[in-house]
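What follows is a single structure, written as structure tokens, with notes after it.
The values are calculated or read from the model by the stated rules, or taken from the named source; none is laboratory data. From a predicted model like this one, the values you see are computed outputs, not experimental measurements. Positions of Cβ are generated from backbone atoms using ideal geometry, with glycine treated the same way; all protein chains shown enter the neighbour counts.
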Amino acid sequence: MDERRIKPRWQINQGAKLTFENGVHPIRCVVEDISAGGMCVSLTRNLFDDVFANFKLTLAQDLELELGAQVVWRQEQFERNLYGLSFDRIDKTAQANLKNYIDTNFHGLIVKHWWEGDANVRA
């Protein structure tokens, strides 16, 4: 399959929490991969696509991102629900915080894929 993403995704397989505007308690999930343009998240719950229009993603105790996304694909796999999300709302501060988090915690991924990026985009 041809890669059509504008930004490379970093496979981080990081435990996280999702908080939705109508939810009282955060939902545990795993961020399979992430970039400034979107992410793949897996969780045990089956959610309606529209809940991702406005949510908070907590990747670490000191990193909480307020995001909006569209579900571009979903899949059930081994009793997990995977959601491919494309961000339609992520501000510059959140992008910078995410980049810093990846740089700090997953530097090996950046070194491994330093040559990937916008130049490999296919129409």
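Quick one: would you say K99 is of a type in the set (D, E, K, R), touching a residue at least 40 places away in the same chain (Cβ under 8 Å) and surrounded by 13 or more Cβ atoms within 10 Å (Cβ to Cβ)? Yes; evaluated as a whole, the condition is true for this residue. For region 38-75, taking the residues that are without any contact (Cβ under 8 Å) to a residue 24 or more places away in the chain and of a type in the set (D, E, K, R), the one that is surrounded by the fewest Cβ atoms within 10 Å (Cβ to Cβ) is identified as D62. Counting only residues that are small (G, A, S), closer than 15 Å to N97 by Cα and out of contact with any Pro (no Cβ under 7 Å at 6 or more places or on another chain), region 32-51 holds 3 of them.
Out of the residues in region 58-94 that are assigned to a strand (DSSP E or B) and of a type in the set (F, W, Y), state the one that is nearest to T44 (Cα to Cα). Result: Y83.
In summary, strands (runs of 3 or more DSSP E) completely within region 4-57 and bearing 2 or more residues that are more than 12 Å from G68 (Cα to Cα) and modelled with pLDDT under 90 occur at 10-20. For region 13-37, the set of residues classified as touching a residue at least 60 places away in the same chain (Cβ under 8 Å) and among the small types (G, A, S) consists of A36 only.
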